[in-house]
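These notes are about the structure you will find just below.
None of the figures in this text is laboratory data; all of them are computed from the coordinates on show. Since the model is a prediction, treat every value here as computed from it, not as a measurement. Cβ: placed from backbone, ideal geometry, glycine included. Neighbour counts: every protein chain shown.
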Amino acid sequence: MDTYQKLCDGIYRIRGSRSNIYLVTEPVPVLIDTGMPGDEMVILQALNELGFHARNLRMILITHAHLDHVGALAAVKAATDARVLASTHEKDHIEGRRLLCSMPREGLGGKLFKCMLYIMEKYVKKYEPVQLYSAYSETDGTGRIDGVQIIATPGHSPGSLSFYFPALKAVFTGDALTGTPAPGLPLRAGCSDYARSLRSVQSLARLGADRCFFGHGEPLVGNAAPSLRELASRAASLPEGKGLEKVVDLGSSSPTRGKNGRKS
């Protein structure tokens, strides 16, 4: 099986073991998330197969500090010396002062999931801490780094971030949205604050992105904006979304989903 899949010009999906890992190659190589411990092998192999030296990787953007998104961070950082950016709310988790699984989860299902993650992190797939180059807070306003717009989209985790590449009209949402089995809202049991996660969907819909890349499932590689607006309207219709602005004018074109990709 190939280690990566070209999704569109300048954007590749690397085949992580449990989540999507993305590589943006234009204008310089940038990685979004690093997958589980052990996924560093496919990341470094993909870089090599695409003609990049490991040290060409400029930056690693972390959407949130759950093990399936930061598990290989230390190994990739050691091999590439790339700068690492994540949320200030999750700095203590990434730098090892708190367990990743200590983040809150909603409801009974969330608590049971958290217990499972504790066992995983303590005894099965141990996380190696990494020092951040930059920690972003939504109190900083709309952030930018090397032309990438940083968007605070908390709710799935306390400090979830999304990243918008204006030149590509592409947004990377992490688990602020899901692509499994189809584009949808985040699952409540996976969220630290479900109501906040619904508010974050509004922030994503307002971007007008043409492409949307999820942490799990198939991306929308064209005409994503109508789907994002529809998800924002769905969020506003839920009891936890009370007070959110309903989104209309969804348009009539159909979004283009990734093809021949693995469902995560």
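Remarks
- Listed by Cβ neighbour count within 10 Å, with the fewest neighbours leading, ILE119, ILE62 appear as ILE119, ILE62.
- Projected label points at THR256 and LEU99, each 7 Å from Cα along the beta carbon direction, are separated by 4.5 nanometres.
- Within-14-Å neighbourhood charge of LYS111 [Cβ basis; K, R +1; D, E -1]: +2
- Among beta bridges from DSSP that stay inside the chain, the antiparallel ones total about 65%.
- Within the stretch 4-251: Cβ-based charge dipole about Cα centre, in debye rounded to nearest 20 (Lys, Arg +1; Asp, Glu -1): 400 debye
- Span per principal axis, largest first, for the Cα atoms of the stretch 91-226 (Å): 42, 34, 25
- Highest-MSF residue in the chain out of ALA225, ALA167, ALA74 [GNM, Cα springs under 10 Å]: ALA167
- Remark: spin-label model distance CYS8-LEU168 equals 0.9 nm, labels positioned 7 Å along the Cα→Cβ axis.
- Pairwise centroid distance, computed over Cα atoms, of the stretch 1-76 with the stretch 209-241, Å: 23 Å
- When each of LYS111/LYS169; LYS6/LYS122; LYS6/LYS91; LYS125/LYS242; LYS111/LYS242; LYS6/LYS126 is checked by Cα-Cα distance, pairs over 27 Å: LYS111/LYS169; LYS6/LYS122; LYS6/LYS91; LYS125/LYS242; LYS6/LYS126
- With N counted as the residues of the stretch 154-236, its alpha-carbon radius of gyration over 2.2 N^0.38 Å works out to 0.96.
- ALA182 versus GLU230: modelled label distance in nm, points set 7 Å from Cα along the beta carbon direction: 0.7 nm
- FRET efficiency for the pair LEU112 and GLU49, taken as 1/(1 + (r/R0)^6) with r the Cβ-Cβ distance and R0 = 35 Å, rounds to 0.30.
- Convex hull (Cα only) mean projected area of the chain, reported in nm² to one decimal: 13.0 nm²
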